Structure formats: structure tokens, C-alpha cells
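All remarks here apply to the structure that follows.
The values are calculated or read from the model by the stated rules, or taken from the named source; none is laboratory data. Keep in mind that this is a model prediction, so the values were computed, not measured. Neighbour counts run over all protein chains shown; Cβ positions are idealised from the backbone, glycine included. With ligands, DNA and RNA removed, areas are computed over all heavy atoms of the protein, side chains included. Shrake-Rupley method; radii C 1.70, N 1.55, O 1.52, S 1.80 Å.
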Amino acid sequence: MLGMSFLFTFTLGIAVMKFKNPPVNSLSLELLTELVISLEKLENDKTFRGVILTSDSPGVFSAGLDLREMCGRNPAHYAEYWKAVQELWLRLYLSNMVLIAAINGASPAGGCLISLSCDYRVLADNPRYAIGLNETLLGIVAPFWFKDTLVNTIGHRAAERALQLGLLFPPAEALQVGIVDKVVPEDQVQSTALSVMGKWLAIPDHARQLTKNMMRKPTVDRLVKQRDADIKNFVSFVSRDAIQKSLQIYLEKLKQRKG
Amino acid sequence: MLGMSFLFTFTLGIAVMKFKNPPVNSLSLELLTELVISLEKLENDKTFRGVILTSDSPGVFSAGLDLREMCGRNPAHYAEYWKAVQELWLRLYLSNMVLIAAINGASPAGGCLISLSCDYRVLADNPRYAIGLNETLLGIVAPFWFKDTLVNTIGHRAAERALQLGLLFPPAEALQVGIVDKVVPEDQVQSTALSVMGKWLAIPDHARQLTKNMMRKPTVDRLVKQRDADIKNFVSFVSRDAIQKSLQIYLEKLKQRKG
Amino acid sequence: MLGMSFLFTFTLGIAVMKFKNPPVNSLSLELLTELVISLEKLENDKTFRGVILTSDSPGVFSAGLDLREMCGRNPAHYAEYWKAVQELWLRLYLSNMVLIAAINGASPAGGCLISLSCDYRVLADNPRYAIGLNETLLGIVAPFWFKDTLVNTIGHRAAERALQLGLLFPPAEALQVGIVDKVVPEDQVQSTALSVMGKWLAIPDHARQLTKNMMRKPTVDRLVKQRDADIKNFVSFVSRDAIQKSLQIYLEKLKQRKG
């Protein structure tokens, strides 16, 4: 299956993983599963020390969760899907490797979560490439661990405002609020990510990994402790008639737009 | 009683509550009680989704706690008063409505707490309109939940410095440290608050409310868990001879100034 | 012993303590012990309300832990040394006095910790005077309470990046990230520290002390609760052959440089 959803390129111990799930790199169950397996393989392969996450189709980094996985399926499927979303975050946020997001497109909701879970974020300077946890705009609520990840990155007050308003930050604002670390011209996103990676890889791995773990483990532990409750919560929420109806209407609209 | 301490105006589901307790909008027990009742009524009335808090007498937003409630009374009165202060904060900080502070005057101590408990703060650009938790200047200590609310808003380090020094921030500094969100010319405070309210009310209520609750409930729970101890602590502190003497001297001075 | 490692000057209830342990003010066990004793004496002497910490040899504020205390000794010595490092931090971070760091030289690792434990930091504007917790550069990990102190000062995200990369901030960057509060020309460091001290001492002591305690005690309690485990952890880490070898090589290099 590997290679369907990703493109890999390797150089000097660095893997470049390119999301490839047209048209908008939605986080389908298949993509999530592959992504987790790929990360695990890289994690266990000592020749790799860093990963750059980017999109194969500039314009969209990732549109986030795949609504088709959350609509018209059975509870077991919803549970499996949510567990995969959790698993991706757990893998990314505590990865022993250096993870850098080369954000070459819009990065809402789940796409933003992936970026936030990296060690560093480079965003292309294109006003259409906004980034943020915009769940409230769709009438839904970001899970507490999305929230924790955002608070860790931009602080309590900025997170409170951004989450309530579902803010999507264009590049200049994203940099100012600290949801990304650097904004560069679109054709320099990859080279900047590589050059930043060089600096992070100059640090002795073991010390860097232990330090990262010290910073992030308490946040991860909060989800680990209540992982099943969080899955139940998602399944019960998404199974509600009102939510299913909203999702169906939304997906219909998306189909018409394409058509 | 309603209407003694407040003026209300209503427009499009938005209530404008104007503090009216001359000369400085002190938070008397009566005002606190009315404010809590009014908030509860609005909260239960589904036609209201937002509240703008402001002062009927520009120049002072609110001078904070009413020292007359803390001086020359019995312990039962002190306990009742403190419980009312707690109740106001609990109501404001977790309100399901969108709360915006239109700060058209000085906003020290308890006046600052009210502002901090809103979702957004607009401050009039007048150098005399300073805002902050200046308790140490009076030789007293801000309660831990005042502190928590400030830390949530401006972060640990800025709060540590501001609380120790009892800093009152004039508009430009207030904006920079993040204790307010926007500074505008004095005659645009209300219109700006209304326009910001529009953006917050554009978000689906249910998702926004759950998100707000997720952000703020842990802070509220800290007080709820030790509410009685916090009251006892206040009563015992304020009953001390030294504190009563200080308050009497301070109140005498205030009377002379007026006279 | 007093006076070997420090120079004291006194003025108006303010003690100026100057580190004097050439060539780089390493935190030897002797210096730590004297520093703790001196702080305790000042703390108990009500004529002193503030302390300015600075270096007697401009160019280096303090190079941090003394590697000679961690190399070629027995476990009991390592345990004694680490307990002294903990003790210094506990004394500094919760001191009832106002502590101001007049940073007139480089301030890496333990030197940075001392600065962070003060109430205010003034840094000389010299590009060679960098400040930060650069432990990872040496292949080691900052203890969790170093990390907590940094997070309290510059926030979670900035601390995460700084700690992983072992960043040493030159003055302009140090000010921007908030690891120091003020940058002034080198010849104005002491006078600025004194003038800032004046503002802090203008606050009623009791209220300021209780406020400081409220802000910092939870962080201190985390170490107090697991102090022995933290010592064991250090002793076991530093006793490892690989670490001893690294330290020996490093110390040899330092000797050759001097020679």
C-alpha cells in the first residue's frame, strides 16, 4: 500500500514525506494508517533522523479529517477512524525524529494539528494558505488534545480566541501569533525546511530526544489516560442524527462544486 | 432592584449593561447581587447571545471591590460579600454568552477582573484609563483565582511581574502585554465592541460554548473545589485589626477628598 | 569562608553580590555553599530587602555547573554537589527578598538558571554575552526544574525550541524571547539594576512576598516532592562511564586552552 498516499524522497538521513490524496489530502483512514506505519518504520530505521512533511499538491497541505469516514458508516468504523487519528498524533507529537512541516498550502483543522505536532513549521507566503483549528466554523469542537497542542504552541489566551472563533491565520498573522515559526516565499519552503533541519540535526540526538519528551510527554499522557473515553465520545457525537445530516449536506455541496 | 445599578439597552440579541454606581462604580454587595441576577436572566433568555459590559460614567469602568463592604461589618457580612464576588466571577468567566468589555475608564483590581473574565476587551485610548491587578499597592494580595485569570490572559512571566508590582497598564502597554485586545479612540469603544460582537456571534453558539468551557472550566474548578476555604481565608484576613485600621484610614481619606 | 567567592557591597538595604571564582565563575561546591549561606543570612537580616547578583569579572556572569565536581569523584560527592545545586535554586526562586540579575557577561546553563530565578534580569548589550540553557549542546539534558523555570519565563513553545536546540540568546534575541527583561549599554547594567530595584522595593514587602510565593510555590513543590529521586537520577547519570569519559576529554581541552 505504501506509496499510494505518499511520495518519499531521501537525502542524508532525512525523509521527505509528501501527502498525496487528491484533491485536498484529506486524512482518510487509509492515509492515516499508511502514515503511522511509515513513521514507525522510519523511527526504527536508525539511518533516519529527520522527516519533512509536505504536500505533493501545492495549494493544500491537508484539509484535515476526511468527512467521508465520519458519515454513513457504523460505530465500529467511527471508532477505528478516531483511534487512527489519535495514533497519528501520538506518533508525531512524541517522535524521536526531528519533524518539520513544510506547509505549502492551506492547513485547516487536522492539517493544522499535523503541523502543530512537528518541531518546526515553515509556511509559504501565500495569502490563500491559512492555518488554524477552525472546527467551530463547522459547528464542531476541537478535541481537548488538539486544544492542548495549540495552547502549548501559542499560549492560553491566543488559543482561547483562535479556537472559539475558528480562526484561520494567513501567513503574516500566523507568524505573529506563533502558530508557524517562519514564513518564506513559496519556492523556498522546501529549501528552508531542509536548512532548518540541518540545525536541529546538529544537536546530539539522545539529549534532544529526552528534552523533547520532557516537554511533550505530560500532554500526551493526558490523552493516553483517557483514550477509550475520547473514542467513545467521538463515536457518540458523530453518530447523532443532526451531525450525520449536517455532514451529508456538506458532502453533497462538495460533490456539486467538483461536478 | 434591577435598574438601580445598571442601565440596559438591547439590540439584536445583544444586551449592553452599564455599571452605574457613582462615583466610581465600586462593586458593592448590592451591585454584585444585581449583576449576578441580571446575568442569570440573560443566560436563561435565549433571545440574548451577547453582553457588552461598560460604564455609564466614562472615566471609571469600575474601581473594583467596595471597601465599605469590608470595613466595620461582622464576619457574616464579609463572608456574604466575598461569596458574591466569587459568584460574579464564576458567572462571567464561564458564561455561555459572548461577553465583551467596552472599557471606557480606569479598570483597577476588581474592575480589571471583570474585564479579564470577558471574551474580548476593548480599551479607550486615554492615558488615564489604566488597567491591572494593583492589589499589592494597597498592601493586599490578589486571590489565586484573580491570578489564574491573569495568567490565562497574559502568561506566567508577565503576570508574575504585573502582580508583584501592582502594575496598572496605560492603553499602549495594556495592548502590548495583552491584558486588552484592542485600543481605540474613546468615542469608538462602543461601536468597536459591537462590531467585534458581530464576529463572535457569527460562530455557531453550541460549538463556541463547548470550546469556551473546555478552555476555562479547569480554572473555574480550582475555585469551586476550595470555595469555602477561600471565603474563610478572606474573612480572617479582612477581620484583622491591622487591615481594619488601614481600611478605615483609607476610607477617611476618600471622604475628605469628596468633601 | 565568606568573601572568597563573593564580594559584597551594601547600600540602602540592598546587597550586591559579585561572583568571584576565576576564570569563569563556575558553580563549585564551595561557591554554592557560600552563596546559600549568604542568602540565608541576608534573608534573616531584616535590614536587607533586595539583592543584586552580578559578576566581579565582566565577560562571564557564570559559566554554570563546575564540571570538576562531576568528574572523577565518588557518588557521595556527586549527591552532595547536586543537593547544593538544588538548594541554591530553592533559595533563589522563593526568596523573600527582591533579586535582580545584573548580567554583565555570558550566562549559559547554570548561569542562566541563576538569572531566571531572580525577579528581574538586566543584560549588558554585548553580542558575546549570550544567555540560555544550552545543555543539549553538551549532550546532556536540563533537569525538569530548569525546564519549569524557563517555561515560566518564556512560555512553553519558546522553551521547547530553546531547550531542544540548546539556544544561547545574544542580547537582542534574549530581550525578544523574554529570557531577559531589559538590555542596556554595558556601563549601565549596575545603575539600571539599582533603579529597577527601587521600583520593586517601593511595593509593600508582605504583599509582594505572598504574591511571589503564590506564583512560584507550585513550581518549587514539584522539585521538593521528588528531590531525592532527582539526586539519584543525577548521580546515576553522571557516574556512567560514557559521561565520565566525555567530561574528562572536555576538561583536558579546557586545561590545554588555558596552558
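Quick notes on this one:
- Chain B, accessible area per residue, ligands and nucleic acids excluded (1.4 Å, Å²): 42
- Karplus-derived 3J(HN,Hα), 6.51/-1.76/1.60, for each residue of the range A:228-234, Hz, glycine and proline x: 5, 4, 5, 5, 4, 4, 5
- Principal-axis analysis of the Cα atoms of chain C puts helix C:144-154 at an angle of about 40° to the longest axis.
- Whole-number Å³ per residue for the convex hull built on Cα positions in the range C:117-259: 147
- Peptide A:147-157, shielding by other chains (average Cβ, 10 Å cutoff): 5
- Subset of A:LYS232/B:LYS41; A:LYS182/A:LYS217; A:LYS18/A:LYS199 violating a 31 Å alpha-carbon distance limit: A:LYS232/B:LYS41
- Inter-chain Cβ neighbour average for residues A:207-218, partner chain, 10 Å: 6
- Nearest residue to the symmetry axis between A and C, taken on chain A by its Cβ, in whole Å: A:GLY155, 3
- Cα Rg, Dmax, the protein assembly as shown, angstrom units: 28.1, 85
- Total accessible area lost when B and A pair, probe 1.4 Å, Å² to nearest 100: 1700
- Shown is the FRET efficiency for A:THR219 and B:LYS225, computed with R0 = 22 Å from the Cβ-Cβ distance and rounded to the nearest 0.05: 0.45.
- When Rg and the Kirkwood radius Rh are both evaluated on Cα atoms of the range A:6-202, their ratio Rg/Rh stands at 0.94.
- Projecting 7 Å from Cα along the Cα-to-Cβ direction, the label point of A:ASP205 sits 5.5, 5.5 nm from its equivalents in the other copies, listed shortest first.
- Exposure ranking of A:LYS253, B:LYS46 by accessible area [1.4 Å probe, largest first]: B:LYS46, A:LYS253
- Among beta bridges that DSSP assigns inside the range B:5-71, antiparallel share in %, nearest 5: 45
- Exposure ranking of C:SER195, B:SER57 by accessible area [1.4 Å probe, largest first]: C:SER195, B:SER57
- Prolate/oblate/rounded call for the range C:45-92, Cα gyration tensor, a/c under 1.5 rounded: oblate
- Percent of C-alpha pairs per 5 Å bin, the range A:34-119, short to long: 3, 14, 22, 23, 19, 12, 6, 1, 0
- The fraction of accessible area contributed by carbon and sulfur in chain B is 56 percent, rounded to a whole number (1.4 Å probe; ligands and nucleic acids excluded).
- Against the compact-protein benchmark of 2.2 N^0.38 Å, the Cα-based radius of gyration of the range B:82-133 scales to 1.15.
- Average beta carbon contacts from partner chains per residue of B:164-173, 10 Å cutoff: 3
- In terms of its C-alpha gyration tensor, the range C:163-238 comes out oblate, because a/c is 1.5 or above while a/b does not outweigh b/c.
- Once the Cβ-Cβ distance of A:ASP45 and B:PHE144 is raised to the sixth power relative to R0 = 45 Å, the FRET efficiency obtained is 0.35.
- Take C:PHE144, move 7 Å from Cα toward the beta carbon, and the resulting point lies 2.0, 2.0 nm from the same point in each other copy, nearest first.
- Of the trypsin sites (Lys or Arg not before Pro) in the range B:141-208, those whose Cβ has at most 16 other Cβ within 10 Å and which sit in DSSP loop: none
- Mean projected area in nm² (Cα convex hull; one quarter of hull surface) for the range C:149-207: 5.3
- Cβ-vector label at 7 Å, A:GLY72, separations to other copies in nm: 7.6, 7.6
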